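Engineer: Below is one structure. I have some questions about it.
What follows is calculated from the coordinates using simple rules that are stated; it is not laboratory data. On a predicted model such as this, the values are computed, not experimentally measured, just so you know. Quick reminder, even Gly has a Cβ in these numbers, built from the backbone with ideal geometry, and neighbours come from all protein chains shown.
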Amino acid sequence: MSGTLVIAGLGPGDDALVTPEVSAELAAATDIVGYIPYVARVADRPGLVKHASDNRVEIDRAQHALSLAAEGRRVVVVSSGDPGVFAMASAVFEAVEAGPRQWRDLDIRVLPGITAMLAAAARAGAPLGHDFCAINLSDNLKPWAVIEKRLRLAVEADFAIALYNPRSTARPEGFARALDLLRQTCAPDRVMIFARAVSTPEEALRVVPLSEAAPEMADMRTVVLIGSSATRVIARDGPPLVYTPRSVPV
Ligand code: SAH
């Protein structure tokens, strides 16, 4: 089978943060498949077919991309950030595992991108400089009880934590519950970073103690970073520097 399927990360927004490897694949593609705003980031050119679809149809989109590749086309599935972080790469592999045998023989490659938490962390300083984890706060694909358990145990293990998909307009109550859980288990001065639309013209970064955090500070364009108990804020004129020290004292 001669078709190829590349699953590529476009980074957090700024074109300067798209890797040269991804740019080269986009330039060579015959077809771009993905969620509408991500497909829109790829420039039009003669011979390029764009297949933009709505959110929440990841498996249909993955199957479509695999069918195109099986016809011999050179397909790039685009995700924001990194395609392996709460994004299309897993959806494609779910479709491959459940799909026709010949899909396994396609040339399938995943090209990494800069994920939101790393772009946000870099803006703030080095809040993820020691052990950390990432949790998807969306309960579309898992029960809320699982999210709450993982958050509780991550706090208990004293990880710094990145929360993706923190607060949708359809279900805003989840993030408020997560904040309640944090208030019950962390000191009021626990560092919180609300990083919105990082590396785009709408970028906004807020660093606040947990005691001042409010549900409205997050939306679906925000990644929320929660410091560990060791995370420090260096105050200065202008935005503070936030970092987590490399070591834990014995
Ligand atoms: N694959 C993407 C994540 C997709 S889930 C990645 O690796 O970044 C979508 C969530 O990612 C959003 O709800 C938000 O929490 C986060 N996100 C994506 N782009 C972002 C950006 N530029 N700034 C802040 N958060 C972002």
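Engineer: If contacts are Cα pairs under 8 angstrom and at least 6 residues apart, what is the relative contact order of the chain in percent? Write out the running numbers ahead of the final one.
Structural biologist: Details: 497 pairs, mean separation 49.6, N = 250.
Result for the chain is 20 percent.
Engineer: With a cap of 16 neighbouring Cβ atoms within 10 Å, and only residues DSSP puts in a loop, list the GluC sites (Glu not before Pro) found in the stretch 1-100.
Structural biologist: Details: sites: Glu21, Glu25, Glu58, Glu71, Glu94, Glu97; in loops: Glu71.
Of the GluC sites (Glu not before Pro), the ones in loops of the stretch 1-100 whose Cβ has at most 16 other Cβ atoms within 10 Å are Glu71.
Engineer: Counting only other residues whose beta carbon sits under 12 Å from that of Val146, what net charge do I get with K and R as +1, D and E as -1?
Structural biologist: In short, +2.
Engineer: Near Leu181, within a Cβ-to-Cβ distance under 13 Å, what is the net charge of the other residues, with Lys and Arg +1 and Asp and Glu -1?
Structural biologist: +2
Engineer: In whole Å, how far is the Cα centre of the stretch 161-180 from that of the stretch 40-86?
Structural biologist: Going from one Cα centre to the other spans 28 Å.
Engineer: If you don't mind, there's one more thing I want to ask. Can you tell me the Rg and Dmax of the chain, counting just the alpha carbons, in angstroms?
Structural biologist: When restricted to Cα atoms, the chain yields Rg and Dmax of 19.6, 62 Å.
Engineer: Please work out the Kirkwood hydrodynamic radius for the stretch 24-69, using every pair of different C-alpha atoms, and report it in angstroms with one decimal place.
Structural biologist: Computed over the stretch 24-69, the radius equals 11.0 Å.
Engineer: Provide Leu26, Leu128, Leu241 in ascending order of the number of other Cβ atoms located within 10 Å of each residue's Cβ, fewest first.
Structural biologist: Least to most surrounded, the residues fall as Leu241, Leu26, Leu128.
Engineer: Continuing with this model, one more query. In the stretch 223-250, whose amide N lies under 13 Å from the spot 7 Å out along Cα-to-Cβ of Asp189? List them in ranges.
Structural biologist: Flagged as within label range: 229-235.
Engineer: Can you give me the distance in nm between label points at Ala204 and Arg152, each placed 7 Å from the Cα along the Cα-to-Cβ direction?
Structural biologist: 3.3 nm
Engineer: Near the amide H of Ala134, under 5 Å away, which other amide H atoms are found, from residues 5 or more places off or on another chain, if H is placed in the peptide plane?
Structural biologist: Amide H neighbours of Ala134, under 5 Å, 5+ apart: Ala162.
Engineer: While we're on this one: Would you kindly work out the equivalent ellipsoid of the stretch 4-114 from its C-alpha gyration tensor and give its semi-axes, the square roots of five times the eigenvalues, largest first in whole Å?
Structural biologist: Here the semi-axes work out to 20, 15, 13 Å.
Engineer: When the helix-only estimate is applied to the chain (DSSP H runs of n ≥ 4, each -39,500 (n - 2.57), divided by the residue count), what is the mean residue ellipticity at 222 nm, nearest 500 deg cm²/dmol?
Structural biologist: Estimated from H runs of four or more residues: -8500 deg cm²/dmol.
Engineer: What do you get for GluC sites (Glu not before Pro) in the stretch 146-245 restricted to DSSP loop and a cutoff of at most 12 other Cβ within 10 Å of the site's Cβ?
Structural biologist: Here the sparse-neighbourhood loop sites are Glu202.
Engineer: Scanning the chain for trypsin sites (Lys or Arg not before Pro) in DSSP loops with at most 10 other Cβ atoms within 10 Å, what's the longest stretch left with none?
Structural biologist: Working: sites that count: Arg236, Arg246.
Maximal segment without exposed cleavage sites: 1-235.
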